[in-house]
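Okay, structure first, notes after.
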Amino acid sequence: MGDISNVQIGVQNLTYGTEDLGHTNGGCEFAYEPEYTDVIVDLYGNTAVDKSLTGEVVRVTVPLAEVTVDKLKNAIPTGTIVEDSTAGTKKLTIGSQAGKRLSENAQELVLHPSWLPTSDKSLNITLHKAVITSEVTLPFRKDEQSVYEVEFTALIDESRDDGGLLATIGDTSVTSGSTT
């Protein structure tokens, strides 16, 4: 029988590296997309006898509502923040040479349910090495709030064990026990 207490609604608090990504507008979405190839043998023609994992994609899509130079730097990872400390101003410059690797800017992305205390990490979603791979469109309209959507993609973290190379759902501090 089902358990109604397991039905969840609510928003996520988002942390990228050490920075709180701030308010969202429209919720965020976690997606896991496995890719399989058929294993076939002559005896059964084109009927699959098995499926073999050939790749996985983990994505988180977030509509960000706070527009600041620092927040936009997260959305445009190849950009550079330039600060004038004497004037107290800063800017984000954009435009890099081809071949720049996003893995150099990868950081941990943590989604934590807003309805849970900070200490309860049981429903956290953590992308171990996340990078933003989407285009950034920042709308400016007289009758709408400026909200820009970004898509985080998880990269392989070779420091982790097989089966956990991309992401973790739950408390990442759990280190022992049986696996299934």
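Figure legend. Inter-residue proximity from region 48-74: first residues without any contact (Cβ under 8 Å) to a residue 24 or more places away in the chain and basic (Lys, Arg), second residues surrounded by 15 or more Cβ atoms within 10 Å (Cβ to Cβ) and assigned to a strand (DSSP E or B), beta-carbon distance below 6 Å, spacing 6+ or different chains. Indicated pairs: Lys73/Leu92.
Against the criterion of being at pLDDT 95 or above and surrounded by 10 or more Cβ atoms within 10 Å (Cβ to Cβ), Val67 does not qualify.
The strands (runs of 3 or more DSSP E) found wholly in region 95-180 and carrying at least 2 residues that are surrounded by 12 or more Cβ atoms within 10 Å (Cβ to Cβ) and touching a Pro at 6+ places or on another chain (Cβ under 9 Å) occupy 125-132, 148-154.
Glu83 meets the conditions (1) exposed (fewer than 12 other Cβ atoms within 10 Å of the Cβ); (2) in a strand (DSSP E or B); (3) within 15 Å of the chain's Cα centre (by Cα) in every case but one. The failed one is (3). Among the residues of region 52-89, just one is in contact with an Asp or Glu (Cβ under 6 Å, 6 or more places away or on another chain) and over 28 Å from Gln12 (Cβ atoms), namely Thr54. Looking only at region 107-130, residues that are at pLDDT 95 or above and of a type in the set (A, V, I, L, M, F, W, C) come to 6 in all. Pairing each residue of region 157-170 that is on the phi < 0 side of the Ramachandran plot with any residue that is of a type in the set (A, V, I, L, M), provided the two are 6+ apart or on different chains, yields C-beta distances under 6 Å for Asp157/Leu165; Leu165/Ile156; Leu166/Val58; Leu166/Ala154; Ala167/Val58; Ala167/Leu127; Ala167/Ala154; Ile169/Ile125.
A quick yes/no check of all residues on (1) surrounded by fewer than 12 Cβ atoms within 10 Å (Cβ to Cβ); (2) part of a strand (DSSP E or B):
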{"site": "Met1", "(1), (2)": "yes, no"}
{"site": "Thr15", "(1), (2)": "no, yes"}
{"site": "Leu53", "(1), (2)": "yes, yes"}
{"site": "Val57", "(1), (2)": "no, yes"}
{"site": "Leu92", "(1), (2)": "no, yes"}
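Give me the pairs, please: first residue somewhere in region 95-122 and within 20 Å of Thr153 (Cα to Cα), second residue anywhere and basic (Lys, Arg) and surrounded by 16 or more Cβ atoms within 10 Å (Cβ to Cβ), beta-carbon distance under 6 Å, and either six or more positions apart or on two chains. Hits for this filter: Ala106/Lys129. All conditions but one from (1) of a type outside the set (Lys, Arg); (2) under 23 Å from Leu111 (Cβ atoms); (3) over 16 Å from the mean Cα position of the chain (by Cα) apply to Val41; the one that does not is (2).
The values are calculated or read from the model by the stated rules, or taken from the named source; none is laboratory data. For clarity, every value in this text was computed on a predicted model and none was experimentally measured. FYI the Cβ positions are ideal-geometry reconstructions off the backbone, even for glycines, and counts take in every protein chain you see.
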